Amino acid sequence: MPRWLLVLAALAFPLPLPAADPGPAAWVVATYAYPQRDRAAAIRPLADYLAVRGGRAVEVRVLPSPTALVEALRRGEVDVAVPNLHGYLQARPGTDGIVALPVPAVPPAQADRYRSVIVARAEIGSSADLRSRAAGLRLVLVGPDSASGGFVPAAELTALGLPPGSGFAGLAYAGSHAAALQALLEGRADVAALAADVYDAARADGTRELWRSAPIPPGPLLCHGRDGVPCDAIVGWLLEAHGRDPAVMAALRAGWPEFGDAEAFTLPPPLGLPAAE
């Protein structure tokens, strides 16, 4: 074959080049969605900060619920998670490679205000009255994944002999604390459980507070140490974040009102709370 034909064939059918090394996979920083809160924006500065400290590309994801977030963390699809308290307890740090990270240091006066309340129509005068009438009452909770509007008041109701799923005439989930209170005020529910600060701010006539919880701590962040994700180093990076990049905590405060005026992270204390199912 003439040489010029060989050259032409080489130009027409070039040999494949070796595939470029894509480098290490991006870390995934994720949280869960909540109505009227831009949670992607709330964790973006955290993701950017971890990218700088770790020298690694970072991807942000928002999962549909705290439970979906924990399930993705367990599967190794999420490296750093910003959960609520229910998600943190579900994750059971110390198992399956999951590590507890620091938590926003909420000022004591604000931490004291993050509580759950059980409220009812005004004619339901006490917990004893609630027990005697529950079979004919409609209960609304925020959601099964909520702390102050979910598992914390559910544990109290269960202790009263009123499991939410079977102790009432009906159970509904409102999706947010404001919506749970609105369902009570509009007569679509007889009993509601929600965050105390939302109830206190409404000063709702025609309702009666039946129970208020002890302060509820926020859920610490979580890490899954898959593929060498340096969870121990991330602990240190978060404890330094207030000095290196204050935007991290500012964005988290915007996404989670329960973080109050927190400016820094702190190591999580032991949590003496009912287990999350």
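The values are calculated or read from the model by the stated rules, or taken from the named source; none is laboratory data. Fair warning: this is a prediction, and the values are worked out from it, not measured in the lab. As a convention, Cβ positions derive from the backbone with ideal geometry for all residues, glycine included, and neighbour counts pool all protein chains shown. Heavy atoms of the whole protein, side chains included, go into the accessibility calculation; ligands, DNA and RNA do not. Shrake-Rupley method; radii C 1.70, N 1.55, O 1.52, S 1.80 Å.
Brief remarks on what is shown
- Test: residue in the range 24-43 that is in a helix (DSSP H, G or I) and either closer than 14 Å to H224 by Cβ or open to solvent by 30 Å² or more (accessible area, probe 1.4 Å) (or both): yes
- Residue count for the range 204-240, restricted to those that are crowded, with 20+ Cβ neighbours inside 10 Å, assigned to a helix (DSSP H, G or I) and in contact with a Lys or Arg (Cβ under 9 Å, 6 or more places away or on another chain): 2
- Test result for A147, more than 27 Å from L69 (Cβ to Cβ) and either crowded, with 24+ Cβ neighbours inside 10 Å or of a type in the set (V, I, T) (or both): no
- A47 being in contact with a Ser or Thr (Cβ under 8 Å, 6 or more places away or on another chain) and either on the phi < 0 side of the Ramachandran plot or open to solvent by less than 20 Å² (accessible area, probe 1.4 Å) (or both): no
- Of the residues making up the range 129-184, those that are more than 27 Å from the chain's Cα centre (by Cα) and of a type in the set (A, V, I, L, M) are L130, A134, A135, L137, L160, A169.
- Filter result (more than 22 Å from P24 (Cβ to Cβ), not in a helix (DSSP H, G or I) and not small (G, A, S)) within the range 97-118: P102, V103, P104, V106, P107, D112, R113, Y114, R115, V117, I118
- Selection status of E258, among the charged types (D, E, K, R), surrounded by fewer than 17 Cβ atoms within 10 Å (Cβ to Cβ) and over 16 Å from V80 (Cβ atoms): no
- Cβ-Cβ contacts under 6 Å between residues 6 or more apart (or on different chains), taken from a first residue in the range 122-139 that is of a type outside the set (D, E) and in a helix (DSSP H, G or I) to a second residue that is at pLDDT 95 or above and surrounded by fewer than 16 Cβ atoms within 10 Å (Cβ to Cβ), are listed as G136/A169.
- Taking the conditions (1) open to solvent by less than 30 Å² (accessible area, probe 1.4 Å); (2) in contact with a Lys or Arg (Cβ under 9 Å, 6 or more places away or on another chain); (3) modelled with pLDDT of 95 or more in turn, G76 satisfies each one other than (3).
- Residues located in the range 164-203, provided they are open to solvent by 50 Å² or more (accessible area, probe 1.4 Å) and either in a loop (DSSP other than H, G, I, E, B) or in contact with a Cys (Cβ under 7 Å, 6 or more places away or on another chain) (or both): G165, S166, A169, E186, R188, R203
- Residue pairs whose Cβ atoms lie under 7 Å apart, sitting 6 or more positions apart in sequence or on different chains, and linking a residue in the range 164-192 that is in contact (Cβ under 8 Å) with a residue 12 or more places away in the chain to a partner that is open to solvent by 60 Å² or more (accessible area, probe 1.4 Å) and assigned to a loop (DSSP other than H, G, I, E, B), are L171/G165; Y173/P144.
- A105 surrounded by fewer than 23 Cβ atoms within 10 Å (Cβ to Cβ) and either under 16 Å from the mean Cα position of the chain (by Cα) or in contact (Cβ under 8 Å) with a residue 12 or more places away in the chain (or both): yes
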